[in-house]
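Note sheet for the following structure.
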Amino acid sequence: MEKLGSMRKKTIARLHKAEVMIAGEQLRMKLHDGKLIKDRRYHLRTYPNCFVAQELTDWLVSYKEAPDRVTALSLMQHLMDHDIVHHVCDKTAMFKDAKLLYRFRKDDGTFPFNTEVKVFMRGQQLYEHLISCRDSILQLRQEHGVAYQRSFPGCQLIDWLLQNGETESRRQGLELCRALQEQGIIQHVLKKHNFFDSGLLYQFCINFRRRRRLSELLNESERENEEGIAAETAEDNQADSPFVLHKNLTEEGSSGFQSVQPSKDLKIIANVRRSSLGSLQLHSTGYSTPVPLSSTPLVTCNPKSGRVLKRNVTCKELLSPGAPFIKRVLTVVGDAVGWGFVVRGKAPCYIQAVDPGSPAAAAGVKVCQFVCQVNGQSVLFLDYCTVRKLVMTGPCTVVLEVMEPLG
């Protein structure tokens, strides 16, 4: 009994950690959209991508995320305790209702990408990919006369991982799925079995798309795991997931997403940004988020988009001590049509072009920067096709570690 109780506590702790990470990411994106997160100057020094604690407390109360300032401070302290937010100089471990600068760790590259977090992010990416594809394996299925929403046989998930290039072998697929189960991301529908490459049914334990209210983070009462299982709700079918950009999947009759009707203008916008990552041609569909269209001519690229590297640079040169390069961590928050940059080259890849009005430009992405990491994963020795795939299949917010020439 003690062992079962300990396992249950660990499961609850993991699920709560996941909820904190999701709620923190959703809040971060809201603050970026609301321009509360921006570069700020204090004592002749500029602090990028930060917010003022007092302003955020006002915002939380004003937008009903917290009933009062005391609760707002407790919520933000909870995010600090889970390494989601920190003081820009790490001078205090307390979140104070004052004119102090704080920053989300994902905005400065200090977020702890340990094994548990990497498995969580991989599970999140797989969930979004699975739930967005046309012929998803997540379906209503029965086992022993009981119907389970969005369930899948273990063998079908491994088939899907292989078909989509997520793993190289069934053994790797099995190891990945068991890691997801160990971290509380998927589970057997009856919670009786470990993950097997068989016909046993499994489900995702976390509904990544559900919009979290920050006030939920302070509710420490135990919840039954069934509450976390991906059940059919109205929110599940929303197209505004905070993690990825969804293309409108056309079907006979109607679409499950609210979308802009396909038009030439919309195709042009999409090709400027999202498809520019690898010259990926979109189908006749647009993105699910409505995009305001205007009659003004579109900016296709910056004037220097045709610029190439003055000379070839090797990975060894980039990594050598004293090399004339400076490392930067940039967070690109994708909008309704993508990120807005083109990556080319091989070991190392480099930024070939940046759309001036894009999220990439706003984040500081520049032509001729060399891409070292994407969302904590080293890509220095990879080609641009692989890097493109990592970005396209990852979350809406892309954390890039780049190196740029000094001067």
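The values are calculated or read from the model by the stated rules, or taken from the named source; none is laboratory data. Predicted model only: the values in this text are computed from it and were never measured. FYI the Cβ positions are ideal-geometry reconstructions off the backbone, even for glycines, and counts take in every protein chain you see. These accessible areas exclude ligands, DNA and RNA; they are computed on the full protein's heavy atoms, side chains included. Shrake-Rupley method; radii C 1.70, N 1.55, O 1.52, S 1.80 Å.
Tabulated data
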read-out	value
C-alpha center-to-center spacing [segment 144-193, segment 370-404] in angstrom	26 Å
Listed residues Ser378, Ser169 arranged by accessible area, highest first, probe 1.4 Å	Ser378, Ser169
For Arg170, net neighbour charge (Lys/Arg +1, Asp/Glu -1) across residues whose Cβ lies under 9 Å away	-1
Derived scalar couplings ³J(HN,Hα) [segment 345-351; Karplus, 6.51 cos²θ - 1.76 cosθ + 1.60; whole Hz; x for Gly, Pro]	x, 8, 6, x, 7, 9, 7
HN-Hα J in Hz across segment 12-29 - Karplus 6.51, -1.76, 1.60, θ = phi - 60°, x for Gly and Pro	4, 5, 5, 5, 5, 4, 5, 4, 5, 4, 5, 4, x, 5, 5, 5, 4, 5
Nearest-10 value in Å² for the accessible area of Phe196, using the 1.4 Å probe	90 Å²
Volume per residue that the Cα convex hull of segment 86-197 spans, once the total is divided by residue count, Å³	165 Å³
Carbon plus sulfur fraction of accessible area for segment 24-182, probe 1.4 Å, in percent	49 percent
Binned Cα-Cα distances of segment 71-128, short to long, each 5 Å bin given as a whole percent	4, 18, 23, 21, 15, 10, 7, 2
For Leu380, distant residues with modelled amide H under 5 Å away	none
Expected-Rg normalisation [2.2 N^0.38 Å, Cα atoms] applied to segment 37-88	1.23
